[in-house]
Amino acid sequence: MNPECISQLNEDGHTLSLIFSGSWTIGNLPFSLPDVQTLLAGKIARICFDTSSLNQWDSSFLVEIAAITELATSKTISVDVNGLPVGIRKLLLLTQKKTAIPPTDYSFESNLFEEIGKHTLRIAEQVLEMFAFTGEIFLSYLRFCTGKARYLKKDLMFFLYDCGPQALPIITLISFLVGFTLAFIGAVQLKMFGADIYVANLVGLTMTREMGPMMAAIIMAGRTGASYAAQLGTMQVNEEVDALQTMGINPLDFLVLPRMTALIIMMPMLAIFSDFIGIAGGFFIGCFSLDISPSLYYEQTIQAVTLNHFLVGIIKSVVFGYLVAFCGCLKGMLCGRSADAVGKATTSAVVTAIVLIVITDAGFTFFFNVIGI
């Protein structure tokens with residue numbers, strides 16, 4: 001049956017009724033509608049629909065109804081949708097929901113002290129969140145040590161593999177290039193004093209004490225920390241974290257504990273690996289660019305780098321591993337319930353982790369220098 005729409009006015013001329021009949025589907029396009037805009041130009045105060053003779057409808061019918069209701073709303077005419085099918089009413093309600101529109105007036109004028117106050121309050125709130133999350137992690141590890149934490153051992157093994165062997169290629173590339181660059185820049189200056197051999201000392205000490213742990217941590221912040229934030233943030237969006245709580249499972253034990261433990265365990269190993277690869281990069285420059293014999297470069301490195309230097313780097317790497325996992329899990333667990341919130345949580349996790357790594361490294365460097373290590 002062909003689609004048909006008949007318009008009727010009530011006796012006082014204030015109510016317009018649109019009577020739909022036939023099959024209003026996309027296969028029957030184009031539809032023949034009365035000039036609704038002309039009909040609404042009079043004294044119409046109310047519009048209603050009659051679909052008792054409607055056989056079939058699809059999204060094309062919804063488009064027509066939505067256009068009519070939008071036109072009536074713009075003319076401040078009330079719309080009675082009770083005569084429409086239930087499905088149309090629900091879909092029409094969704095089409096009428098307004099999304100947040102960004103302001104068109106971009107004014108950058110603001111009170112300086114007001115902005116400082118807002119940022120201060122925001123930083124204070126984030127610090128409190130960090131302290132609260134730290135306490136929750138401490139309690140989670142207490143349950144772990146007493147055997148009361150509920151988590152999957154296969155998850156722990158997977159995360160160990162993911163943040164360990166899987167990260168070796170990018171660690172190898174970056175560490176080799178860092179050692180390569182340090183040796184090359186150091187050689188330019190040391191050559192002026194005829195002290196080329198001390199390139200081995202420069203590269204060895206810098207890689208073991210500073211660049212090895214720091215570069216490994218920064219790489220893992222961008223690789224694994226961001227991954228943790230995105231995974232946990234997506235679980236928040238999908239309400240998987242709420243589902244775990246409903247089942248009586250602590251999300252920190254089940255989700256955060258394996259991730260954090262894996263990264264803390266693997267970070268020292270990655271830092272040591274980064275140390276050796278960086279020294280190999282310096283070795284490449286020393287032997288092939290500065291004409292230093294391999295045996296002499298090796299002996300100079302062994303004399304310069306002692307166990308204390310390796311221990312300093314290992315201590316730093318353990319703390320860096322905790323910071324990367326902490327920031328990734330914190331931002332993921334506090335993520336909002338939208339795709340935009342997941343993106344912001346991921347970005348915030350990386351930035352916060354790198355900032356904390358640099359600040360912590362500076363504090364460690366000062367502390368070890370004071371105590372003479």
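The numbers here are math on the coordinates, done by the rules we state, and not lab data. Since this is a predicted model, take the numbers as computed values, not measurements. Using ideal geometry, Cβ is built from the backbone for each residue, glycine included, and neighbour counts are taken over all protein chains shown.
The figures follow:
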| quantity | calculated |
| --- | --- |
| Leading residue at positive end of dipole, the range 4-95 (Cβ point charges), from Thr69, Ser52, Ser17 | Thr69 |
| Euclidean distance of C-alpha centroids, the range 1-65 and the range 318-339, integer Å | 55 Å |
| Debye, to nearest 20: dipole size of the chain, +1 on Lys, Arg Cβ, -1 on Asp, Glu Cβ | 880 debye |
| Candidates Asn238, Asn55, Asn250, ranked by Gaussian network fluctuation over the chain, Cα under 10 Å, top entry | Asn55 |
| Three-way shape label, the range 268-309, alpha-carbon gyration tensor, a/c 1.5 | oblate |
| The chain - percent relative contact order, Cα under 8 Å, separation 6 or more | 17 percent |
| Acute angle (nearest 10 degrees) that the helix 59-74 long axis makes with the longest principal axis of the chain, alpha-carbon atoms | 80 degrees |
| Label-point separation in nm, Gln166 to Ile315, each point 7 Å along Cα→Cβ | 3.2 nm |
| Mean-position separation - Cα centroids, the range 280-303 and the range 183-207, in angstrom | 10 Å |
| 0 to 90° range, to nearest 10: angle between helix 168-190 axis and the chain longest Cα axis | 50 degrees |
| Pairwise FRET efficiency - Met192 versus Val355, Cβ, R0 = 45 Å, nearest 0.05 | 0.80 |
| Label-point gap, in nm, between Cys287 and Ala45 - each point 7 angstrom along Cα→Cβ | 9.6 nm |
| Sequence ranges 218-224, 204-210, ranked by mean other-Cβ count within 10 angstrom, highest first | 204-210, 218-224 |
| Estimated inter-spin distance, Asn308 and Lys90, nm [label 7 Å along Cα→Cβ] | 7.4 nm |
| Fewest-first sequence of Glu239, Glu136 by Cβ atoms within 10 Å of each Cβ | Glu239, Glu136 |
| Rounded tilt (10° steps) of 112-145 against the dominant C-alpha axis of the chain | 70 degrees |
| Set of the range 339-373 residues, backbone N closer than 19 Å to the point 7 Å along the Cα-Cβ line of Tyr141 | 353, 356-357, 360-361, 364 |
| Nearby lysines by direct alpha-carbon distance to Lys344 (threshold 24 angstrom, same-chain neighbours under 8 apart not counted) | Lys98, Lys118, Lys331 |
